[in-house]
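Below: the structure, in structure tokens.
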Amino acid sequence: MGEPGDERLMREKAGWRRATFLELLFDLVFVFALNQLSLRLIHDLRAGSQQWFGEVVETFLLFLAFWVLWLSTVALTSRRSPESLVIQTVVFMSMSGAVVMSVAVPQGFEQRALLFAGAYVATRISRVLLLLVFRRQWIFSVPALLSLAVSAVLWIVGALVHGEGLRAVLWTLALVIGYIGFTAGFKRSAEVSIAGEHMAERLQQFYLITLGEAGFVSGKAFSGSNLGTPHAVGFGLAFVAIVLLWRVYFYRAGAVLPVAITGARNPVRQSVAVAGTHLLMIAGVFLAGVGFELYITEPLARPEPNWLIAILGGPALFLAGRSLFELQVFSRISRSRLAGLLALGLLIPATWYLPPLAAGGAAVTVLAGIAGSDVWRARGRALEAPTPRI
């Protein structure tokens, strides 16, 4: 570990372009978090209650809290030397907070709401206090600090109220205010350069973690079934879907993300922009993984229209984020992405009365068509250079 004075060294100048082992260890906590969230969402969709939509929204609010915690940590480590004792302490504090939040997830909107909110708020505030005490040259904007304070109050008040509906409103406001404050503060600190290659790699690693979690959920679902033919077909479709989600992401835009950030006119703003589109893609893969579990365990069950939120909505959300991501990197959107979104939309009424496995097969067919279109267009063409607008 470094000495207290080492934290003044910027990551870019320190030469640390790749993620450190500590950062990779930090990511492993979020494997547990994503699995907890997946299990909760699967339960929400299977509950069959009249409030299932509200329960799904609640789970996604918990998901967004983890995303903000992870992204705010990555934003800091992409600017400062990973050998700094203070920065390493911040990462460990974030890990501990994420572990407690993950434990609270199953009842994170119910009996353990205060535990979840308290861990989140304590982690965010304690990190800022640590940096204020030991990093005299670190600049915190007043709006960013104010937004953090307001969002912290909303988190705690929301955890203490009795109605889950009111809690959802307060926590939504807390997330919006906190995220706006974080992005404003991140952009304001433009005098501290960002290691764009590191930021790109960290976003890609979180995307791969989400793909891995979807594979874990699928494998667990298949091993818990009777290994019948419909279950095997469902597992095969899930495996193919994971490969396609990897392929469509890394084709062109995903492969040149580091250059798209470092070569942008404003790398900080570009980092904020691509983080937003990665959130959409990661949420889409997360949803798709839940859909995999549903049609693997009950492939020929009676139609459950609310399951289409995961089975078709997951790939659709991924494609929406991937289209915007391509716009950020190449200043254009491929027609195949837009055609895929249209096809998934048309599949909703077409699969409304079909078993889950049929909807899963239709979603995989759409993704395969997009990947095939990419291969066709790439024949004999050199790798395209990024042309970001920002």
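Number of residues in the range 328-355 that are in a helix (DSSP H, G or I) and open to solvent by less than 50 Å² (accessible area, probe 1.4 Å) equals 10. Given the criterion assigned to a helix (DSSP H, G or I) and open to solvent by 40 Å² or more (accessible area, probe 1.4 Å), identify the matching residue among 300, 280, 308. It is 280.
Starting from the range 211-230, keep only residues that are part of a loop (DSSP other than H, G, I, E, B), then list their pairs with residues that are among the hydrophobic types (A, V, I, L, M, F, W, C) and open to solvent by less than 20 Å² (accessible area, probe 1.4 Å) whose Cβ atoms are within a distance under 8 Å, requiring at least 6 positions of separation or different chains. Going by the 8 Å Cβ cut-off, the qualifying pairs are 225/296. The residue that is farthest from residue 309 (Cα to Cα), among those in the range 255-270 that are surrounded by fewer than 23 Cβ atoms within 10 Å (Cβ to Cβ) and of a type in the set (Gly, Ala, Ser), is 263. Among the candidates 201, 197, the residue that is touching a residue at least 60 places away in the same chain (Cβ under 8 Å), open to solvent by less than 30 Å² (accessible area, probe 1.4 Å) and among the acidic types (Asp, Glu) is uniquely 201. Checking 241, 184 one by one, the residue that is open to solvent by 30 Å² or more (accessible area, probe 1.4 Å), hydrophobic (A, V, I, L, M, F, W, C) and touching a residue at least 24 places away in the same chain (Cβ under 8 Å) is 184 and no other.
For residue 288, indicate whether it is within 26 Å of residue 58 (Cβ to Cβ) and touching a Pro at 6+ places or on another chain (Cβ under 6 Å).
Criteria met by residue 288.
Confirm whether residue 252 is open to solvent by 20 Å² or more (accessible area, probe 1.4 Å), part of a helix (DSSP H, G or I), over 18 Å from residue 43 (Cβ atoms) and of a type in the set (Lys, Arg). In short, yes. Counting only helices (runs of 4 or more DSSP H) that fall entirely inside the range 84-167 and contain at least 2 residues that are crowded, with 22+ Cβ neighbours inside 10 Å and touching a residue at least 60 places away in the same chain (Cβ under 8 Å), the qualifying elements are 85-104.
The values are calculated or read from the model by the stated rules, or taken from the named source; none is laboratory data. Since the model is a prediction, treat every value here as computed from it, not as a measurement. When we count neighbours, we look across all protein chains shown, and the Cβ atoms used for this are built from the backbone with ideal geometry, even at glycine. Surface areas here come from the heavy atoms of the whole protein model, side chains and all, with no ligands, DNA or RNA. Shrake-Rupley method; radii C 1.70, N 1.55, O 1.52, S 1.80 Å.
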